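Down below is the structure, laid out as structure tokens.
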Amino acid sequence: MIRLDSMLASEGITRPENPIIFPNIGESAVDQREYQEKISILRKIYQEEMAAYEKACQEFKDPVLSLLEQQSTLRPVTQIEKELLLANIQHRFQGIQLQLKDSICQAIVVLRNRIFDVRRKRQNFTKAATVILNEYFYNNLANPYPNEQVKEELAAKCNLSVAQITNWFGNKRIRFKKNYVKSEDELNVEETHETQTYPDTNPEKEMRDNNNPDS
């Protein structure tokens with residue numbers, strides 16, 4: 001939750017008065033302008049959706065309070081009961097707002113990758129980077145699908161973009177699967193060849209054949 005709020009604030013989504021912070025990777029003015037335009041669209045969507053949620057939350061609270069007022073003529077209604085009901089309503093709407101925040105943050109990550117990572121000068125895979133990626137792959141062979149956070153960490157360690165990390169793992173999984181299937185096929189062929197080369201023999205039958213050459 002705190003991480004989402006920090007990201008939204010730093011990008012000017014929740015605090016439009018703050019300047020938008022760009023990754024320090026030497027983006028061109030064109031890239032920055034496009035990024036600002038897209039961020040403005042996301043900011044508008046976020047603010048409109050949050051306003052709608054807050055309005056809906058209040059509209060939901062008002063009938064509840066009205067109902068409690070009516071019930072207070074028939075039974076005691078304490079302030080604690082009111083606060084608990086309102087807090088429960090608020091909690092439910094906060095869950096919806098959290099989903100909105102998460103969606104906007106994911107959109108920002110995708111936007112960064114599309115505008116900056118793709119246009120960034122492509123870095124070559126160094127030997128050290130390959131070692132790091134292979135180490136993670138084989139240590140997580142049961143599930144070699146790193147999430148976005150892990151990809152970002154690996155990208156920072158290897159001095160590569162997240163897009164390059166994603167492509168590397170996709171290609172690595174394909175190559176690993178092909179090599180695994182190929183090894184199994186070669187093993188099956190070898191076993192078949194050995195069976196054909198060394199058929200089962202019957203020593204007693206061979207002795208009888210040697211003793212009766214005319215037969």
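Tabulated data
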| item | result |
| --- | --- |
| Test: residue in segment 37-54 that is surrounded by 11 or more Cβ atoms within 10 Å (Cβ to Cβ) and in contact with a Gly (Cβ under 7 Å, 6 or more places away or on another chain) | yes |
| Selected residue [within 16 Å of the chain's Cα centre (by Cα) and either part of a helix (DSSP H, G or I) or not aliphatic (A, V, I, L, M) (or both)] from 112, 92 | 112 |
| Candidates 143, 171, 211, 159 - the one that is open to solvent by 70 Å² or more (accessible area, probe 1.4 Å), modelled with pLDDT under 90 and within 24 Å of residue 113 (Cβ to Cβ) | 159 |
| Failed criterion for residue 200 (all others in (1) open to solvent by 90 Å² or more (accessible area, probe 1.4 Å); (2) at pLDDT below 90; (3) part of a helix (DSSP H, G or I) hold) | (3) |
| Qualifying positions in segment 52-69 - in contact with a Phe, Trp or Tyr (Cβ under 8 Å, 6 or more places away or on another chain) and hydroxyl-bearing (Ser, Thr, Tyr) | 53 |
| Residue check, residue 112 open to solvent by 70 Å² or more (accessible area, probe 1.4 Å) and either modelled with pLDDT under 65 or among the polar types (S, T, N, Q) (or both) | no |
| Residue that is modelled with the lowest pLDDT, among those in segment 115-140 that are of a type in the set (Val, Ile, Thr) and open to solvent by 80 Å² or more (accessible area, probe 1.4 Å) | 118 |
| Single condition residue 88 does not satisfy, out of (1) at pLDDT 90 or above; (2) surrounded by fewer than 12 Cβ atoms within 10 Å (Cβ to Cβ); (3) of a type in the set (S, T, N, Q) | (1) |
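The values are calculated or read from the model by the stated rules, or taken from the named source; none is laboratory data. Predicted model only: the values in this text are computed from it and were never measured. Please note: Cβ atoms are built from the backbone with ideal geometry, for glycine as well, and neighbour counts cover all protein chains shown. All accessible areas refer to the heavy atoms of the entire protein, side chains included, with ligands and DNA or RNA removed. Shrake-Rupley method; radii C 1.70, N 1.55, O 1.52, S 1.80 Å.
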